[in-house]
Structures are given as C-alpha cells and as structure tokens.
C-alpha cells in the first residue's frame, strides 16, 4: 500500500511532467524589449520552463488563452488573425499528400455559408519561423455577399502544430497579410 503523502507526491510529479510536455501556452503576457534604446511592446508565452517572445503587428489588439491567440487589426471590420495550437499535427510532412490534407483543412474551416471557394495558392516554406518549415494555403470565398480571403500557415513544432490564420475582406488582404507575416518573423525561443 502506498502512503498517502507518497501518493500525493507521485501525483504532483506526474502532473508537473505532463504540464511540461503540454507544449506552448498561448496565453499572452505583455512584455517589452529594447531595440536600439527604444522600448517595444511584446508578448511572452511559455513552453514548460522556456519563454517564447512574439511581437504582434503594431496597433493590433491581442487576447487569448492557452490554445489560441486572437489578433484584431484596428479600424478593420470582419478581420482577424489567430495563432492556434492543434495537437496532434494534421500532418508533419509537407509533401503532396500532406499539402492536400492541409488544403482540405483550410477549406473545411471556412465559415458556414461560404460560397465560391477557390484555392488561390499553396506554398511550401513561404517563410521559416525560427528556422522551422511552414506550409501556406490561401483561399478566397464569398461570405454573406462579401469577398473574403483566408490564409493559413502551418508550422510543426515537436509534437504540436501551430496554425497562423488570417481572415479578412479580400481588399484588405494584401496589407493585413504583409503585417501579419512580418510579425511571424519576430518569434524568439520558438
């Protein structure tokens, strides 16, 4: 028979080791960093004992929880970006079969009622996030009579996959996609 104190200690060890393997926690914590003497706003996340830093696009509102960070561009309607954790990975291989799975996932994630869906582009490694490979799918559709564009950049990180998603009016897409993608280069400790 295991003594109750030992049972509690064993339970705490198991819980803490499970938390360490839980992956990145996307709950945003505001922080700052110095760039040439200027304080720049930043967000910090945790991955076990490791700290991950990310600089969102300027003037975008951020909120989130452990599995999803939502970014809202100011002065834009029906526009949002997100960083989401999807364990286990949809596919960790960005070959032809993996690309099809990812494209199907993006199309399936469009809001209900989306019409005139068209895959605009698919690209392996349009950017590397902290040296890690990515795969991007860009899809256009019509949602409640509005032309919208959705992009999703998939990045496999250990046993989890992150999806960097942008949804907005098609007219706003080039500018917002540029700002969001530029922010993804800022990941440190990823």
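The values are calculated or read from the model by the stated rules, or taken from the named source; none is laboratory data. Here the structure is a predicted model, which means the values were calculated and not measured. Heads up, the Cβs are rebuilt from the backbone with ideal geometry, glycines too, and the neighbour counts pull from every protein chain shown.
The table below gives the values:
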quantity: Residue that is in contact with a helix residue (DSSP H, G or I) (Cβ under 6 Å, 6 or more places away or on another chain) and either farther than 22 Å from residue 177 by Cβ or in a strand (DSSP E or B) (or both), where the choices are 81, 97; calculated: 81
quantity: Near pairs, Cβ below 6 angstrom, 6+ apart or cross-chain, from segment 54-65 (touching a residue at least 60 places away in the same chain (Cβ under 8 Å)) to any residue that is surrounded by fewer than 19 Cβ atoms within 10 Å (Cβ to Cβ) and assigned to a strand (DSSP E or B); calculated: 55/42; 56/62
quantity: Segment 57-110: number of residues that are over 16 Å from the mean Cα position of the chain (by Cα) and within 18 Å of residue 41 (Cα to Cα); calculated: 3
quantity: Selection from segment 47-61 of residues that are touching a strand residue (DSSP E or B) at 6+ places or on another chain (Cβ under 8 Å), surrounded by fewer than 17 Cβ atoms within 10 Å (Cβ to Cβ) and outside any loop (DSSP other than H, G, I, E, B); calculated: 51, 53, 61
quantity: Given (1) touching a residue at least 40 places away in the same chain (Cβ under 8 Å); (2) surrounded by fewer than 17 Cβ atoms within 10 Å (Cβ to Cβ); (3) in contact with a strand residue (DSSP E or B) (Cβ under 6 Å, 6 or more places away or on another chain), index of the condition residue 106 fails; calculated: (2)
quantity: Which numbered condition residue 142 fails, given (1) closer than 25 Å to residue 183 by Cβ; (2) surrounded by 14 or more Cβ atoms within 10 Å (Cβ to Cβ); (3) modelled with pLDDT of 95 or more; calculated: (1)
quantity: Segment 106-135 - residue that is in contact with a helix residue (DSSP H, G or I) (Cβ under 9 Å, 6 or more places away or on another chain) and assigned to a strand (DSSP E or B) and, of those, farthest from residue 187 (Cα to Cα); calculated: 117
quantity: So residue 148, is it within 23 Å of residue 100 (Cβ to Cβ), touching a residue at least 12 places away in the same chain (Cβ under 8 Å) and over 16 Å from the mean Cα position of the chain (by Cα); calculated: yes
quantity: Lone qualifier among 92, 152, 177 - being surrounded by 17 or more Cβ atoms within 10 Å (Cβ to Cβ), in contact with a strand residue (DSSP E or B) (Cβ under 7 Å, 6 or more places away or on another chain) and outside any strand (DSSP E or B); calculated: 177
quantity: Hey, residue 28 exposed (fewer than 14 other Cβ atoms within 10 Å of the Cβ), touching a residue at least 12 places away in the same chain (Cβ under 8 Å), in a strand (DSSP E or B) and in contact with a strand residue (DSSP E or B) (Cβ under 7 Å, 6 or more places away or on another chain) or not; calculated: no
